[in-house]
Number of protein chains: 6
Amino acid sequence: MRSSQRQADQLRPVRITRDFTRHAEGSVLIEFGDTRVLCTASVEESVPPFLRGKGQGWLTAEYGMLPRSTHTRSAREAARGKQSGRTQEIQRLIGRSLRSVVDMTALGERQIIIDCDVLQADGGTRTASITGACVAVHDALNLLVANGTLAANPMRDMVAAVSVGVVDGVPVLDLDYPEDSACDTDMNVVMTGKGGFIEVQGTAEGHPFSRVELNALLELAERGIAQLVEMQKQTLGI
Amino acid sequence: MRSSQRQADQLRPVRITRDFTRHAEGSVLIEFGDTRVLCTASVEESVPPFLRGKGQGWLTAEYGMLPRSTHTRSAREAARGKQSGRTQEIQRLIGRSLRSVVDMTALGERQIIIDCDVLQADGGTRTASITGACVAVHDALNLLVANGTLAANPMRDMVAAVSVGVVDGVPVLDLDYPEDSACDTDMNVVMTGKGGFIEVQGTAEGHPFSRVELNALLELAERGIAQLVEMQKQTLGI
Amino acid sequence: MRSSQRQADQLRPVRITRDFTRHAEGSVLIEFGDTRVLCTASVEESVPPFLRGKGQGWLTAEYGMLPRSTHTRSAREAARGKQSGRTQEIQRLIGRSLRSVVDMTALGERQIIIDCDVLQADGGTRTASITGACVAVHDALNLLVANGTLAANPMRDMVAAVSVGVVDGVPVLDLDYPEDSACDTDMNVVMTGKGGFIEVQGTAEGHPFSRVELNALLELAERGIAQLVEMQKQTLGI
Amino acid sequence: MRSSQRQADQLRPVRITRDFTRHAEGSVLIEFGDTRVLCTASVEESVPPFLRGKGQGWLTAEYGMLPRSTHTRSAREAARGKQSGRTQEIQRLIGRSLRSVVDMTALGERQIIIDCDVLQADGGTRTASITGACVAVHDALNLLVANGTLAANPMRDMVAAVSVGVVDGVPVLDLDYPEDSACDTDMNVVMTGKGGFIEVQGTAEGHPFSRVELNALLELAERGIAQLVEMQKQTLGI
Amino acid sequence: MRSSQRQADQLRPVRITRDFTRHAEGSVLIEFGDTRVLCTASVEESVPPFLRGKGQGWLTAEYGMLPRSTHTRSAREAARGKQSGRTQEIQRLIGRSLRSVVDMTALGERQIIIDCDVLQADGGTRTASITGACVAVHDALNLLVANGTLAANPMRDMVAAVSVGVVDGVPVLDLDYPEDSACDTDMNVVMTGKGGFIEVQGTAEGHPFSRVELNALLELAERGIAQLVEMQKQTLGI
Amino acid sequence: MRSSQRQADQLRPVRITRDFTRHAEGSVLIEFGDTRVLCTASVEESVPPFLRGKGQGWLTAEYGMLPRSTHTRSAREAARGKQSGRTQEIQRLIGRSLRSVVDMTALGERQIIIDCDVLQADGGTRTASITGACVAVHDALNLLVANGTLAANPMRDMVAAVSVGVVDGVPVLDLDYPEDSACDTDMNVVMTGKGGFIEVQGTAEGHPFSRVELNALLELAERGIAQLVEMQKQTLGI
């Protein structure tokens, strides 16, 4: 039994609230336990310069943590004048993950911009971001279908993500902050609804990990993500 | 009757939710109609260099808008690498307003940092920020009393703020975004619970305004702020 | 009698020198006592992107203090790599004030850029800047009339500004630096030549101010600005 | 047979030149085929603020590409004024990888700074960087032993890295630039000399990858890294 | 006869006004014809970190051009967020030049900061800056003698500078802006009062220059600087 | 005899290696003794905005030092977010020097970008950069001739540079780092193959220098540069 009273293969309670804010084409508050991330998807009728005139769309993501989403206050990146390496790493990951399930040609010359802003952090903010952003992007694309801009939703599959790690020698699913701080190995896994891998990022924090541990972690992640995809679909009614 | 179906002297529905997030010493979600701002107050056991060893505390504020809190997406300030002039103006205003009601000597050598982050914008984000931050700071200071750090709460009075403006020739209270965009004169007023003025910032948008208009606006503001202070006290149970 | 041997409602000696430098279309040195600001107005035959093709002009302002215009040297903003919040607040105020009296459609698709650079500071640099910039802009616009670019000067009215404040309990006009540092309430007022208000920015420094004090300050400001406008007109020979 | 005339499980020719430059405590030019990276390790007798007085050392890494190390010239990051997200991601990876094999307590309160600068790029610059940096750090630490600062070299194991990927449906080892641009799945693997995993970072470029492909890639990586470690040891004579 | 009606070896009218502004320890407006630079010298009772505790002083310089000191408006460096290469080159030159004539040990652990701000530019701003800064620094140091901080003025000699160039094949002294724009070779020379060279910076603008031209230019510069030093001494009454 | 066992008028061993890296149109490693600089010349088929449509080309240069090219590690400019004044001064010098020998009209509307990156520093990095860049640019231009883009190589002459200085009272050629740190006067001289001067930059480090010393230094430089040009031509086979 984990400190959070969960089984090793048990997700935290997940809640997905659509239309959390008014202005964005897609707006989702996703909660993985105490981790809460506001994911919005905005549609812009232009693409970055390198894609102009190529007849295809683009999707990009930005990520931020509110200064007091964390246990002790973190400096505001806008005030420091630059985004940290961690922030850039995460927003690049979110963008790649979502691009993997959207048909850019079917999207046409327009851009989806995802914003993932962490209101409260308790571990797993990047995996919650990806999972929530998928729903927000789906909503934004549906709006383009509803208003006649697109004939069909160009999202080809769901995408969701979860963290797994070895804590006190035991592989566990969906780490909260205390587990994340204490774990030996930390892995973030991104998969599609059909069960293909999009990203696998494993890091040994303390001592190196073995193929056996890696396999155990991947199995946990596969099961967790399958549940997350189920929740996404249920939320979207598809 | 205004486009929002309000009387000229009527506030939008105001909602103040304490403990909106877990980690901050004070955390308040304030809503002025569709404007929603998350205000947190963080306590740090140090002061800026210019105050070290002077036996007094400090309070400062930062402000930000989530990129898609607005009708069309605004660029993320952390990504652009600097805060806009508007952002700096607002956070300086919030800091001055709150400093005016906290006894810095009674606070001791520690610092309160306010973060006001706009989740959804519909006009009046700076006045909602000040009004919400007052509650968050009160909570954070109460915590210092509760844990024995301070003998008494060093907040000497409430502080609240509201916008007023001349819309279609009529002075009205608490402008929403459509009114704010269309008004001739826009004024932000900050007052204490006892009815003293802390800040008066009036700007002619279209043509100049007169002393008569100024007086009408100040009276609206006085009445609106008195109601806001009442709500703050009710929320705090004081 | 004030420390500066002035009556409560007395301006400092004001001097306005036109054509202080050669290259700018308008170049004015304005002195409010020991405060000296060089205000230039430059004409550029283009407008910012958001106005292109809209058949109207624009006016914007920048402000700076020479590092040793102040009692102790201030860091050079160009070396620090960014403008302070105070600088941005002031240059935004100068721009808004001047835009309120220039007919942007009559100006045509061109831009006036005001530069206010403080050579010596002794309080009231922003109000001196606005008052001087008005003369510089008038000169620059006259040049456009003289060279046949415009049929008539698109400045519809004068604009001037002054600070007022409560010092030792007494409302006084046009604060110098020692008064500004010691005052309870500080207010900057911007008005047109016809007596309309453009900006009113009052801040309680020590304790809150009352409507009575506010009214007394506004009356002082009205009288001071009327004198400043008179001097502007005399200088311009209009 | 690959475009580079290599077998699927064949590394490019690897060359490790120690003492490539004079000033650094460790200086290694590593070549993976046409990819050439200069890795230096510098010793500084101080640690970052967060570690002061804790009796342990630190190791960090920076990475850069010379502007014309690439097929078409890339903008110089020093001139643009910031490091790209990719650069930060890579230098964080190099730092984590090397920290995993150095005993920070045995190092004492001093810091190793690794600089990996790409002189010529042809794919795999981050994996070459880690592999070369390991030799450079080993040399720098040996110098501390030689001059009596340390009793023994605090590097506990070798660390090396290689890329693997699925190109035209076939899992291959150590991708060069044309392969990297064309591959479906790209994975960077970092392992210790003893065969433990430090990092596994796999990304689907085109379509998702399966567990079977993942396993095939990991096996290729294990074999490749074992050879790289052998070369490191041979070069170091250990 | 030159376009400016001067002889080849004739300086422009030079005017040096001491105490141009009030706050700085030394404040000089220097004019070389239409070029006008405000040079202030500020004394700070601390030295940069690299000199702390070494029992000697330091002198550094900063340079800037007001945006409309030039024929067409230049962007404000504080707004662009960085100083240009040209600005940095010039302020480094001013600092080196002045350091060459001040005895840093006699100065003690304090710092002189020179600010040279160009109010109006017509060629030769850097040479005017050096020549004016010398007088401002002398004044600031005299103040330290007058208030008993120093026993004697630690400036060992005067330093002055002038530009020379080959215009239409003729070597001429003290180029104004039209000459500077048209010249083949441009040289800035810095010398001490005793006639020693501090800096010689010659640049071929069009075609290379010869030893013969170089010698002719150096002779012009020597004569010009001797006159400038005479004026400095006369101004200072020494 | 100098510390480096050289005669006063003796260059360090100079080595010029063409095609040091693969991707650049011109790529040269130049060594002046222990100073090693990688100089690349890149061709881009566009010119900066200020030259568009003018029928001529441009050439610009960037310079950098690898962090551990120096005795103690220097901070990475990309990480600090800006280039130092020294870096900018040097890259401007390299650009001016090379532009002086390339016929911009014959080049056509394209740009040569030089990158000089110091792999190892031992004094004279800027002079080595200029000397090496000349060969790299020549190679890049020859490539444009070879592929039919240009009818003839638009480089009109060689350009090379060397440092000279007064060390222990003796004028010497091509200072290494220990000499450079100890010298009284330091001068960098840039000349064309035909013997014309492009740049002369002399700086008194300790006490001022005289015309006699200046002449001695220029003579040493002339002889040194003649030898360098000879080596450039031999390397290029012209």
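The values are calculated or read from the model by the stated rules, or taken from the named source; none is laboratory data. All of these numbers come straight from a predicted model, not from anything done at the bench. No Cβ is skipped: glycine too gets one built from the backbone with ideal geometry, and neighbour counts run over all protein chains shown. Note: areas computed on protein heavy atoms with side chains; ligands, DNA, RNA excluded. Shrake-Rupley method; radii C 1.70, N 1.55, O 1.52, S 1.80 Å.
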Taking the Cα atoms of the protein assembly as shown alone, what are Rg (to one decimal) and Dmax (as a whole number) in Å?
34.3, 97
What's the angle, to the nearest 10 degrees (0 to 90), between helix D:211-236's Cα axis and the longest principal axis of chain D?
40
Contact surface C-B: accessible area buried, both sides summed, square angstrom, 1.4 angstrom probe:
2300
If you fit an axis through the alpha-carbon atoms of helix E:85-99 and take the longest principal axis of the Cα set of chain E, what angle between them do you get, 0 to 90°, nearest 10?
60
Using protein chains only (no ligands, no nucleic acids) and a 1.4 Å probe, work out which residues of the range B:49-80 have their accessible area cut by at least 40 Å² relative to the chain alone.
B:Glu62, B:Leu66, B:Arg68, B:Arg73, B:Arg76, B:Ala78, B:Ala79
In C, who owns the beta-carbon nearest the axis carrying C over to F, and how many Å from it?
C:Gly81, 5
Helix-derived [θ] at 222 nm for the protein assembly as shown: sum -39500 (n - 2.57) over DSSP H runs of at least 4, divide by residue count, nearest 500?
-10000 deg cm²/dmol
Where does the range C:19-119 land on Rg/Rh, using Cα atoms and the Kirkwood Rh?
1.01
Kindly tabulate the residues in the range F:83-100 with an accessible-area decrease of at least 50 Å² between the chain alone and the assembly of all protein chains, using a probe of 1.4 Å.
F:Gln83, F:Gln88, F:Glu89, F:Arg92
For A:Ser74, label point 7 Å along C-beta direction: distances to other copies, nm
2.1, 2.5, 3.4, 3.4, 4.1
The answer for the protein assembly as shown, accessible area per residue at 1.4 Å probe in Å², is 36
Checking the cross-link filter: which lysines have an alpha carbon closer than 29 Å to that of F:Lys233, excluding same-chain neighbours under 8 positions apart?
F:Lys194
Per residue of the range D:183-188, what does 6.51 cos²θ - 1.76 cosθ + 1.60 with θ = phi - 60° give for ³J(HN,Hα)? Whole Hz please, x for Gly and Pro, Karplus curve as stated.
6, 7, 10, 10, 9, 10
Whenever you get a sec, compute what percent of the accessible area on chain C sits on carbon and sulfur atoms (1.4 Å probe).
48
Calculate, axis by axis, the spread of Cα positions in the range F:156-238 along the three principal axes, and write the results as whole Å, longest axis first.
43, 24, 15
Using modelled amide H (1.01 Å from N, peptide plane; none on Pro or chain starts), what sits under 5 Å from the amide H of B:Ala61, excluding residues fewer than 5 places away?
B:Gly95, B:Ile114
Calculated diffusion of the range E:33-84, Stokes-Einstein form, Kirkwood radius summed over Cα pairs, 10 °C and 1.306 mPa s, µm²/s
111
Helix axis angle, F:125-146 relative to chain F longest principal axis, alpha carbon, degrees:
20
With the label set 7 Å along Cα→Cβ, E:Asp180 is separated from its counterparts in the other copies, in nm and shortest first, by 2.9, 3.3, 4.7, 4.7, 5.6
Which loop GluC sites (Glu not before Pro) in the range E:1-88, with loop taken from DSSP, have no more than 15 other Cβ atoms within 10 angstrom of their Cβ?
E:Glu45
One decimal, nm, nearest first: from D:Gly206 to the same residue in each other copy, label points 7 Å out along Cα→Cβ, the values are 4.2, 6.1, 6.1, 7.0, 7.7
What residues does the range C:1-23 have that are buried by at least 30 Å² of accessible area in the full protein assembly compared to the chain on its own, 1.4 angstrom probe?
C:Phe20, C:Thr21, C:Arg22, C:His23
Sorted by chain and number, the residues with a modelled amide H under 5 Å from that of B:Thr35, at a separation of 5 or more or across chains, are B:Asp122
Cα pairs beyond 34 Å in chain A, in percent, come to 15
Coil-residue trypsin sites (Lys or Arg not before Pro) of the range E:161-233, DSSP, other Cβ within 10 Å capped at 14
E:Lys194
Among the aspartates and glutamates, select those whose C-alpha is under 15 Å from the C-alpha of E:Lys54, and discard any that sit fewer than 8 residues away in the same chain.
E:Glu45, E:Asp103, E:Glu109
